[in-house]
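Encoded as structure tokens, the structure appears first; notes follow it.
What follows draws every value from the coordinates through simple rules; no lab data is involved. Owing to the predicted nature of the structure, the values given are computational and were not obtained by experimental measurement. Positions of Cβ are generated from backbone atoms using ideal geometry, with glycine treated the same way; all protein chains shown enter the neighbour counts.
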Amino acid sequence: METSNPIDELSPEEIHIDAIEGFHLGGTRYSASFELSDHDEEYFRSYLLEVDFGKTLTFTIRKQIEKTFMSHASLAVDRHLALQIGGKMHDLTPGGDSITNLPEGVLRRIYHIDGGPQYVIGDEGVCYLRDGGAWELVPPLNDLALSDIHGPSRDLIHACGDEGTLLRLRGRAWEQIELPDQRSFTTLEVTNEGLVHLGGTDGLALALRDGELIELAAPERDFFCIRSFKGRRYWSDANWGLNIQDGDNVVPFRELRHAFAMHTSPEKLVVAGWKEIFVFDGTEWSGFQFGYDGNIFLSRLDMTRYGG
């Protein structure tokens, strides 16, 4: 581990904290990633934590780097992937940790199917996949950036991105889905039935149903992620918080202030905020936030401060 970092010389007031992603791993167990930086964003330190969010709130540091984590994914309670800026993929397993260099493009986001393949996408149309072996490059169709990838099974993996890009993965090759809308997409969700929802900035919210692209009524917010949980579809945004879909409308649901990456388990919806990890069971809200006082720490959220 690198030991010399100017962050160690800064006061807590000079440190900026950003949550990255959070996963529910069953029971009271979670994983969560976050980053420390100076206010000029010249120096960084990132952590991946294994968290026990029960009657007490405790954590262990599973991985610390003196760089930026772009994304992480928890494949099991004791196995994680963490994407370091520069295309370095950390594979964290009980049998030992390893790093794979993925040299193409600027990679930004990891996605995985439970018990199945893992994917990572980024700029210039780049996507890598791993399905039981080594990471493989999926040949790009063009040089347009991919911003999100999702699908409930191997045969329903889709990716979206700049200038109306919507792709479907067929084996190891992309198939272009032509759309009449050429706006850029930041997020998508694909259901078991093949229904695709797409989101973007300034309230862009679309549904692709049986080949017809339908624009949903939505507040003018910058949508970051779309996920379904316990029969409802949620849309996170960077400007206000969490929204919910009601028919062909996306309406405000909970003012979390900032809501970014979302992940679901059968029991929990986990939402990454600014420096918070929010947890929703379909009825009750809870969560924890990252802090720094010279050392990192976690504290429980008072959810009455977040739209309660």
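If only residues of region 105-132 that are charged (D, E, K, R) and under 17 Å from the mean Cα position of the chain (by Cα) are counted, the one that is farthest from residue 85 (Cα to Cα) is 114.
Just one of the listed residues (38, 114) is surrounded by fewer than 18 Cβ atoms within 10 Å (Cβ to Cβ), closer than 25 Å to residue 265 by Cα and either charged (D, E, K, R) or without any contact (Cβ under 8 Å) to a residue 60 or more places away in the chain (or both), namely 114.
Within region 41-58, restricting attention to residues that are under 30 Å from residue 266 (Cα atoms) and of a type in the set (Asp, Glu), the residue that is surrounded by the fewest Cβ atoms within 10 Å (Cβ to Cβ) is 52. Would you pick out the residues in region 226-259 that are crowded, with 24+ Cβ neighbours inside 10 Å and over 19 Å from residue 308 (Cβ atoms)? Listed by number, the residues that qualify are 226, 235, 250. Checking 190, 138 one by one, the residue that is over 26 Å from residue 101 (Cβ atoms), of a type in the set (A, V, I, L, M, F, W, C) and surrounded by 18 or more Cβ atoms within 10 Å (Cβ to Cβ) is 190 and no other. When 61, 20 are screened for being surrounded by 13 or more Cβ atoms within 10 Å (Cβ to Cβ), under 23 Å from the mean Cα position of the chain (by Cα) and not charged (D, E, K, R), only 20 passes. Restricting attention to region 208-222, which residues are surrounded by fewer than 17 Cβ atoms within 10 Å (Cβ to Cβ) and either in contact with a His (Cβ under 7 Å, 6 or more places away or on another chain) or in a strand (DSSP E or B) (or both)? Across region 208-222, the qualifying residues are 209, 212, 213, 214, 215, 217. Looking only at region 142-166, which residues are within 19 Å of the chain's Cα centre (by Cα) and of a type in the set (Gly, Ala, Ser)? Once the filter is applied, which keeps residues that are within 19 Å of the chain's Cα centre (by Cα) and of a type in the set (Gly, Ala, Ser), region 142-166 yields 145, 147, 151, 153, 159, 161. Checking each residue in region 72-100 for being among the small types (Gly, Ala, Ser), surrounded by 14 or more Cβ atoms within 10 Å (Cβ to Cβ) and at negative phi picks out 73, 74, 82. For region 260-307, filtered to residues that are surrounded by fewer than 13 Cβ atoms within 10 Å (Cβ to Cβ) and in contact (Cβ under 8 Å) with a residue 40 or more places away in the chain, the residue that is nearest to residue 110 (Cα to Cα) is 282. The residue list 277, 226, 214, 244 contains one member that is of a type outside the set (Lys, Arg) and within 18 Å of residue 152 (Cα to Cα), which is 226.
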